[in-house]
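Some notes on the structure that comes next.
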Amino acid sequence: MAKRHTDPLGLHSALEDWMLPVLVAAMSFLAALAIAGALASTTLAAQWQNDTAAALTIQVPQPGAPDAANNATRLAAVQTALQTMPGVTNPQLLSADALNHLLAPWLGTDAASLGLPLPAVITATWSGPGAGDSIAAALNKLAPGTLAQTGTQWAARVTALTGSLQTCAAAVLVIVALVGGALVALATRAGLAQRRDTIETIHGLGALDADIASRFASRATILAVTGAAAGALLALPVLLWLAMLAAPFASPIPQPGLTSGLTNGLARSLASMPPALWTAMPCLPLAAAVIGWCSAQLTVRGWLRKLV
Amino acid sequence: MIRFDDVWLKYHHQERGPGALARDVLRGISFKIPDGGFRWLTGPSGAGKTSLLKLIYLAQHPTQGRIDIMGTHAAKISRRDAALLRRRIGVVYQDFRLLAHLSAYDNVALPMRLARRAEHQVHADVTEILRWVGLANRLGALPDELSGGEQQRVAIARAVVGRPKLLVADEPTGNLDDEQAGRLMTLITALNRLGTTVVVATHNHALVEAYPAPRLEMAEGRLTAHG
Ligand SMILES: Nc1ncnc2c1ncn2[C@@H]1O[C@H](COP(=O)(O)OP(=O)(O)O)[C@@H](O)[C@H]1O
Ligand SMILES: [Mg+2]
């Protein structure tokens, strides 16, 4: 017996257009970029936040003048106080050379020759709470006019920026999911309209709504998963490239030995991609499966309600 | 048992352009058909025969009135129960409604497969019924490759393959010659003798005379004779 196909809805070719998987692939590509962006900004921000928040700069004007208690120079008093101050580690007095070097862009090569009264500058690492106002207050008692600045304010701005980036990424993901669901619904509707007579006949023969809906849903799921997987794979090279660009910012200590050679560069950027990304990427086809299945089920069941 | 109690029907989407008043297609229809009964449904074209059959095979809700099919109040059942009830009703549509991409065999197998019957059972029943309607050598043919009469016989085979409790046929002999029509009536009366309730709409007077049975006679949406 010449048995042709037995699928009553002819769904082996249903939603036959390449349109659905291609559009879902585009959505998945966008989702991958959004996720990568959110994760990367988190990683970078964490890095920057540590660096900037921890940087403590202290300026002591008139460092050679006697301190308030008239025991030593102001600079010596401040340095002594810093040794025992909680939250402050590794205070370093900038040498005159280093200071000159820092000021050169503004004041020319030799700031000292201008006869300007330069403050002494001490850098340290700050691990205490808050913006370090307490330090300034304490030091001012020893040496009036002493300034202490931490990067806390900058760190707060970086946090705000990261938060906004993550909100944007979340918005992109929500929109991508909605558009993906709508695409599946549209494709399913087109498939239903094309098979209207067939579906009416099968319905008349006693097919359950669940039977018909699950056939469309399985088909939609396969197409959505295929598209999402393709989109995620296509996003991979782009993400690698971005990771390569971001690598110098992400790793606090540059390793000059490793930067040469494409293989090393690739390995480094692979390593610098946030680990969460490797978990997130396989989730894209999974999410597409859930969205595709639900959207098709709802669409078909809604459509079938028009039939008695 | 089939029971209609003052049933009225008005189509919501009358294809008459906007503003046209919806006409009552069925007007105050009441009758009873006992289990295992046989009824001819006669009347001129446009009288409402197809509409009445649609109500019987649960393809249409009445605008008003109560319908009981196999002892079930049709308006009160869930979608799922309606589907399960449809599986016990064999329908021969006026326009056959074969699935164009399925072979004669698979078209006939469809209701059994929807009811998740075992494939060996499907095979046995489908080949037997297709032999009965004289299509044993056309099992693999697509509807397009069959003549009008052959398509109608496939449609009949599909309606009876599940040994329905109720068989509804809308002008089933329209494309058949006298000999084929005779074979069909032999099949239907055999089913009826086995307990299937049968309603056949026709305007073939010779057929009605050859197989005397109670008649539901319609004109302009009303039942003009009953019994
Ligand atoms: N789907 C429909 N929508 C609107 N009017 C319909 C529809 N089906 C049938 N009619 C109208 O209902 C009347 C009865 O039709 P029908 O039940 O097919 O009668 P019969 O089968 O006796 O020829 C006709 O006037 C027809 O135009
Ligand atoms: Mg008719």
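How many residues does region B:101-110 contain that are open to solvent by 10 Å² or more (accessible area, probe 1.4 Å) and at pLDDT 95 or above? If you could, list the steps in order and put the result at the bottom.
In the first step, residues of region B:101-110 are kept if they are open to solvent by 10 Å² or more (accessible area, probe 1.4 Å); the result is B:101.
When the remaining residues are screened for being at pLDDT 95 or above, the result is none.
Qualifying residue count for the region: 0.
How many of the residues making up region B:39-54 are within 14 Å of chain A (Cβ to nearest Cβ) and polar (S, T, N, Q)?
Result for region B:39-54: 2.
Residues in region A:104-119: is at least one at pLDDT 80 or above, open to solvent by 30 Å² or more (accessible area, probe 1.4 Å), part of a helix (DSSP H, G or I) and closer than 30 Å to residue A:70 by Cα?
No, region A:104-119 has no match at all.
Test of understanding: among A:246, A:229, which residue is at pLDDT 90 or above, farther than 30 Å from residue B:83 by Cα and open to solvent by less than 70 Å² (accessible area, probe 1.4 Å)?
Unique residue meeting the criteria: A:229.
Considering only region A:177-186, I want to know if a residue exists there that is out of contact with any Leu (no Cβ under 8 Å at 6 or more places or on another chain), surrounded by fewer than 22 Cβ atoms within 10 Å (Cβ to Cβ) and either within 14 Å of chain B (Cβ to nearest Cβ) or not in a helix (DSSP H, G or I) (or both).
No - not one qualifying residue is present in region A:177-186.
Within region B:149-156, can one find any residue that is open to solvent by less than 10 Å² (accessible area, probe 1.4 Å), more than 16 Å from ligand 2 (Cβ to nearest atom), more than 23 Å from residue A:8 (Cα to Cα) and in contact with a strand residue (DSSP E or B) (Cβ under 6 Å, 6 or more places away or on another chain)?
Within region B:149-156 (the criterion being open to solvent by less than 10 Å² (accessible area, probe 1.4 Å), more than 16 Å from ligand 2 (Cβ to nearest atom), more than 23 Å from residue A:8 (Cα to Cα) and in contact with a strand residue (DSSP E or B) (Cβ under 6 Å, 6 or more places away or on another chain)), the answer is no, since none of the residues qualifies.
Just checking: which of the helices (runs of 4 or more DSSP H) contained wholly in region B:130-217 hold 3 or more residues that are within 14 Å of chain A (Cβ to nearest Cβ)?
Those helices (runs of 4 or more DSSP H) span B:148-160.
Determine, yes or no, whether residue B:209 is within 16 Å of ligand 2 (Cβ to nearest atom) and of a type in the set (D, E, K, R).
Criteria not met by residue B:209.
Give B:97, B:116 a once-over and let me know the one that is assigned to a loop (DSSP other than H, G, I, E, B), more than 30 Å from residue B:221 (Cβ to Cβ), at the interface with chain A (Cβ under 10 Å from one of its Cβ atoms) and not small (Gly, Ala, Ser). Working first, answer last.
Details: B:97 fails: more than 30 Å from residue B:221 (Cβ to Cβ).
B:116 is the lone residue from the list that is assigned to a loop (DSSP other than H, G, I, E, B), more than 30 Å from residue B:221 (Cβ to Cβ), at the interface with chain A (Cβ under 10 Å from one of its Cβ atoms) and not small (Gly, Ala, Ser).
Here are A:159, A:167: which of them is under 23 Å from residue A:48 (Cβ atoms), at pLDDT below 85 and not assigned by TED's automatic domain parsing to the domain that holds residue A:78?
So the residue among A:159, A:167 that is under 23 Å from residue A:48 (Cβ atoms), at pLDDT below 85 and not assigned by TED's automatic domain parsing to the domain that holds residue A:78 is A:159.
Name every residue in region B:41-93 that is away from ligand 1 (no atom under 13 Å from the Cβ), touching a Ser or Thr at 6+ places or on another chain (Cβ under 9 Å) and of a type outside the set (Gly, Ala, Ser), in order of residue number.
B:70, B:81, B:85
Could you check residue B:82 against (1) touching a helix residue (DSSP H, G or I) at 6+ places or on another chain (Cβ under 7 Å); (2) closer than 25 Å to residue A:199 by Cα; (3) more than 16 Å from ligand 2 (Cβ to nearest atom) and say which number it fails?
For residue B:82, the exception is condition (1).
Name every residue in region A:176-226 that is basic (Lys, Arg) and in contact (Cβ under 8 Å) with a residue 40 or more places away in the chain, in order of residue number.
Across region A:176-226, the qualifying residues are A:189, A:195, A:215, A:219.
Could you tell me whether any residue of region A:138-155 is without any contact (Cβ under 8 Å) to a residue 40 or more places away in the chain and hydroxyl-bearing (Ser, Thr, Tyr)? Break it down stepwise before answering.
First, pick out the residues of region A:138-155 that are without any contact (Cβ under 8 Å) to a residue 40 or more places away in the chain: A:140, A:153.
Those still in the list that are hydroxyl-bearing (Ser, Thr, Tyr) too: none.
Within region A:138-155, none of the residues are without any contact (Cβ under 8 Å) to a residue 40 or more places away in the chain and hydroxyl-bearing (Ser, Thr, Tyr).
Just give me the residues in region B:189-210 being surrounded by 13 or more Cβ atoms within 10 Å (Cβ to Cβ) and touching a residue at least 60 places away in the same chain (Cβ under 8 Å), in sequence order.
B:189, B:192, B:196, B:197, B:198, B:199, B:200, B:201, B:202, B:203, B:208
Checking residue B:80 against (1) within 14 Å of chain A (Cβ to nearest Cβ); (2) buried (at least 19 other Cβ atoms within 10 Å of the Cβ); (3) among the basic types (Lys, Arg), which test does it fail?
(2)
Among the listed residues B:11, B:57, which satisfies the condition of being modelled with pLDDT of 95 or more, within 14 Å of chain A (Cβ to nearest Cβ) and within 16 Å of ligand 2 (Cβ to nearest atom)? Lay out the reasoning, then the answer.
Working: B:11 fails: modelled with pLDDT of 95 or more.
The match here is B:57.
Could you list, in sequence order, all residues of region B:160-185 that are within 16 Å of ligand 2 (Cβ to nearest atom) and either at pLDDT 90 or above or within 22 Å of residue B:126 (Cβ to Cβ) (or both)?
Across region B:160-185, the qualifying residues are B:168, B:169, B:170, B:171, B:172, B:175.
When residues of region B:60-77 are filtered for being over 17 Å from residue A:206 (Cβ atoms) and either within 11 Å of ligand 2 (Cβ to nearest atom) or buried (at least 16 other Cβ atoms within 10 Å of the Cβ) (or both), how many remain?
Going through region B:60-77, the residues over 17 Å from residue A:206 (Cβ atoms) turn out to be B:61-68, B:71, B:73, B:75-76.
Now restrict to residues that are either within 11 Å of ligand 2 (Cβ to nearest atom) or buried (at least 16 other Cβ atoms within 10 Å of the Cβ) (or both): B:62, B:65, B:67-68.
Result for region B:60-77: 4.
Hey, residue B:219 hits all of (1) within 16 Å of ligand 2 (Cβ to nearest atom); (2) surrounded by fewer than 17 Cβ atoms within 10 Å (Cβ to Cβ); (3) within 14 Å of the chain's Cα centre (by Cα); (4) of a type outside the set (Val, Ile, Thr) but one; which does it fall short on?
So residue B:219 meets the others, but not (3).
Residue under question is residue A:115, and the condition is that it be of a type outside the set (S, T, N, Q) and either in contact (Cβ under 8 Å) with a residue 12 or more places away in the chain or in the same structural domain as residue A:293 (by TED's automatic domain parsing) (or both); does it hold?
On the way: of a type outside the set (S, T, N, Q): yes; either in contact (Cβ under 8 Å) with a residue 12 or more places away in the chain or in the same structural domain as residue A:293 (by TED's automatic domain parsing) (or both): no.
Here the answer is no, as residue A:115 does not meet what is asked.
Residue B:188 versus (1) more than 16 Å from ligand 2 (Cβ to nearest atom); (2) over 26 Å from residue B:85 (Cα atoms): which is the lone unmet condition?
(2)
The values are calculated or read from the model by the stated rules, or taken from the named source; none is laboratory data. On a predicted model such as this, the values are computed, not experimentally measured, just so you know. Cβ atoms come from the backbone with ideal geometry, glycine included; neighbour counts cover every protein chain shown. Heads up: the accessible areas ignore ligands, DNA and RNA and are worked out on the full protein's heavy atoms, side chains in. Shrake-Rupley method; radii C 1.70, N 1.55, O 1.52, S 1.80 Å.
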